[in-house]
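> Sharing a structure here in structure tokens format.
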Amino acid sequence: MALMSAPPDAPLALIAYPSHAALTLREAGLLALNVPGDDLPAVLLACRTLRFAGALVHPSREAAVAEVVEADPDARRAGRVDAVALTGGAAGGASGTYTLADALLDAVEASGYAARGASALLIGNGPDLAQALPLVRLGLGQVTVAADNLPDAQRFIRDLPGSLRVYALGRRDPALLSLAERADLIVLTGGTLPPGLLQPYHTLADLTGQGKTGTSGAATLDLSALPALRLARQLLHATGQRYRPEDLAGLAEALV
């Protein structure tokens with residue numbers, strides 16, 4: 001989090017966002033300005049010189065920004081930064097965070113899903129599986145990770161706590177459907193769900209916006225509050241100001 005609250009008139013930089021994003025934020029009373037997403041060291045230096053409070057980072061530049069700021073533990077684990085706090089003028093620093101982890105926990109807890117002791121199957125392409133890592137903090141009992149290939153899945157499970165029962169496999173492995181039968185929670189972080197995987201006793205947490213339960217009878221975890229919860233955390237880090245997530249729903253949609 002930002003160490004102090006920025007002056008109320010300090011502008012917020014929007015790195016690589018389309019022009020309408022700044023306009024939408026200004027209409028909501030937030031002083032925001034679009035800045036380029038290339039030559040990031042020069043952009044951040046200019047923002048510090050001009051006394052910007054901080055910056056929000058478009059998803060397309062999150063990995064690049066992580067390489068040029070002081071990243072906190074969440075950002076280092078993800079290799080991405082979605083919010084930056086700027087301190088000390090031109091001679092100051094830039095501290096970055098990645099808010100998805102805590103925002104996802106907030107959203108799952110708000111949904112009322114009882115995750116403690118549950119068995120989860122995480123399905124993704126590889127690097128995107130890091131989005132699901134925060135769910136382990138909810139007390140899951142068993143986690144199966146299915147990536148595009150076995151080495152990617154094995155790399156991911158190295159970051160899981162040793163107390164967990166974990167399995168790793170490729171998403172085309174014939175054993176996937178059998179392991180899915182033991183799962184309570186299916187988490188999709190990338191790609192599509194294999195046909196026939198979802199069953200009526202499953203709950204689907206879809207982080208892609210593309211997953212469908214179809215006629216399976218599976219429940220869907222309500223993550224509709226996630227964008228606003230995440231934006232509230234981004235603004236807190238970038239500006240030091242607290243905003244109620246329920247007041248940010250429209251803004252969060254405009255920034256997607």
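The values are calculated or read from the model by the stated rules, or taken from the named source; none is laboratory data. Model, not experiment: these values are computed from the prediction. Here the Cβ positions follow ideal geometry from the backbone for every residue, glycine too, while neighbour counts run over all protein chains shown. Note: areas computed on protein heavy atoms with side chains; ligands, DNA, RNA excluded. Shrake-Rupley method; radii C 1.70, N 1.55, O 1.52, S 1.80 Å.
> Taking only pairs six or more apart or across chains, which ones have beta-carbon atoms under 8 Å, a first residue in region 60-89 that is at positive phi, and a second residue that is open to solvent by 20 Å² or more (accessible area, probe 1.4 Å)?
Cβ pairs passing all conditions: G79/A63; G79/A66; G79/P127; G79/A130; G88/R48; G89/R48; G89/T49; G89/R51.
> Another question about this same structure. Residue check: is R171 of a type outside the set (G, A, S), more than 21 Å from V108 (Cα to Cα) and free of Cβ contacts under 8 Å to residues at least 40 places away in the same chain?
When the stated conditions are applied, R171 does not pass them.
> Separate question: Within region 101-131, which residues are in contact with a Phe, Trp or Tyr (Cβ under 9 Å, 6 or more places away or on another chain) and of a type in the set (G, A, S)?
Once the filter is applied, which keeps residues that are in contact with a Phe, Trp or Tyr (Cβ under 9 Å, 6 or more places away or on another chain) and of a type in the set (G, A, S), region 101-131 yields G124, G126, A130.
> Scan region 212-256 for residues that are without any contact (Cβ under 8 Å) to a residue 40 or more places away in the chain and of a type in the set (D, E) and jot them down.
Hits for region 212-256 are E246, D247, E253.
> May I ask you to list the residues in region 236-248 that are open to solvent by less than 50 Å² (accessible area, probe 1.4 Å) and either out of contact with any Lys or Arg (no Cβ under 8 Å at 6 or more places or on another chain) or of a type in the set (D, E, K, R) (or both)?
H237, A238, T239, G240, P245, L248
> I'd like to verify a number: residues in region 210-235 that are surrounded by 16 or more Cβ atoms within 10 Å (Cβ to Cβ) and basic (K, R), how many?
Total satisfying the criteria: 2.
> Select from region 156-166 the residues that are touching a Leu at 6+ places or on another chain (Cβ under 9 Å) and surrounded by fewer than 16 Cβ atoms within 10 Å (Cβ to Cβ) and write down the one among them that is nearest to I123 (Cα to Cα).
D159
> Could you list, ordered by first residue, the pairs with Cβ atoms under 6 Å in which the first is in region 107-129 and surrounded by 15 or more Cβ atoms within 10 Å (Cβ to Cβ) and the second is among the aromatic types (F, W, Y), at least 6 apart or interchain?
L129/F156
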